[in-house]
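Novice: Dropping a structure here in structure tokens format, bear with me for questions.
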Amino acid sequence: MIDFAVQGIKLIGKVEKPFVQDHLSKQLIRTLTKVALNYGEVQGAESNKDVIHRMGLVPKELKESRFNLKTQIKSDLLKEIDKAHLALKEGQELVAIFGQSIKTAKLK
């Protein structure tokens, strides 16, 4: 899927690169901030079922953020590749942490 998106980006050409960069960057900001906002909602959950539901939204946004980063990396849209790779690694670790937290919450 990422390669398919990259193909589309590369088909657009250099003239449209600022548009693509702007679009993906805004989308990335939305998903990254949703991670924190959704986690904040977990802390205000009213029941264990609500905790599980709200916590399930966090990995979804993390995964979307990771796909976005991978797409931007493969499309040569990012200048700081090392930082992008660190963010990818941290995102994967957070997905694993939340996955385990959801499993634990389901046992209660």
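Novice: Kindly provide the set of residues from the range 24-54 that are surrounded by 15 or more Cβ atoms within 10 Å (Cβ to Cβ), over 30 Å from ASP76 (Cβ atoms) and among the charged types (D, E, K, R), ordered by number.
Specialist: Across the range 24-54, the qualifying residues are GLU41, ARG54.
Novice: Checking GLN72 against (1) buried (at least 19 other Cβ atoms within 10 Å of the Cβ); (2) farther than 24 Å from SER25 by Cα, only one condition comes out false. Which one?
Specialist: (2)
Novice: Further, regarding this structure: Among the candidates LYS63, LYS26, single out the residue that is at pLDDT 95 or above and in a helix (DSSP H, G or I).
Specialist: LYS63
Novice: Check off (1) in a helix (DSSP H, G or I); (2) at pLDDT 80 or above; (3) surrounded by 13 or more Cβ atoms within 10 Å (Cβ to Cβ) for ILE9 and give me the number that stays unchecked.
Specialist: Evaluating ILE9 over (1) in a helix (DSSP H, G or I); (2) at pLDDT 80 or above; (3) surrounded by 13 or more Cβ atoms within 10 Å (Cβ to Cβ) leaves (2) as the failure.
Novice: Do we have any residue at all in the range 43-53 that's among the β-branched types (Val, Ile, Thr), in a helix (DSSP H, G or I) and within 15 Å of the chain's Cα centre (by Cα)?
Specialist: no
Novice: So, one more: Being touching a residue at least 24 places away in the same chain (Cβ under 8 Å), of a type outside the set (D, E, K, R) and in contact with a helix residue (DSSP H, G or I) (Cβ under 7 Å, 6 or more places away or on another chain): is that true of VAL35 here?
Specialist: The answer is yes for VAL35.
Novice: Does LYS83 satisfy the condition of being surrounded by fewer than 15 Cβ atoms within 10 Å (Cβ to Cβ) and either of a type outside the set (Phe, Trp, Tyr) or part of a loop (DSSP other than H, G, I, E, B) (or both)?
Specialist: So LYS83 fits the description; yes.
Novice: If you don't mind, another one. Please name all residue pairs, on different chains or six or more residues apart, with Cβ atoms under 7 Å, provided the first residue is in the range 95-106 and is in contact (Cβ under 8 Å) with a residue 12 or more places away in the chain and the second residue is in a helix (DSSP H, G or I) and exposed (fewer than 14 other Cβ atoms within 10 Å of the Cβ).
Specialist: Filtered contacts from the range 95-106: ALA105/ASN48.
The values are calculated or read from the model by the stated rules, or taken from the named source; none is laboratory data. Here the structure is a predicted model, which is why all the values come from computation and not from measurement. Glycine also receives a Cβ, built like all others from the backbone with ideal geometry; neighbour counts cover every protein chain displayed.
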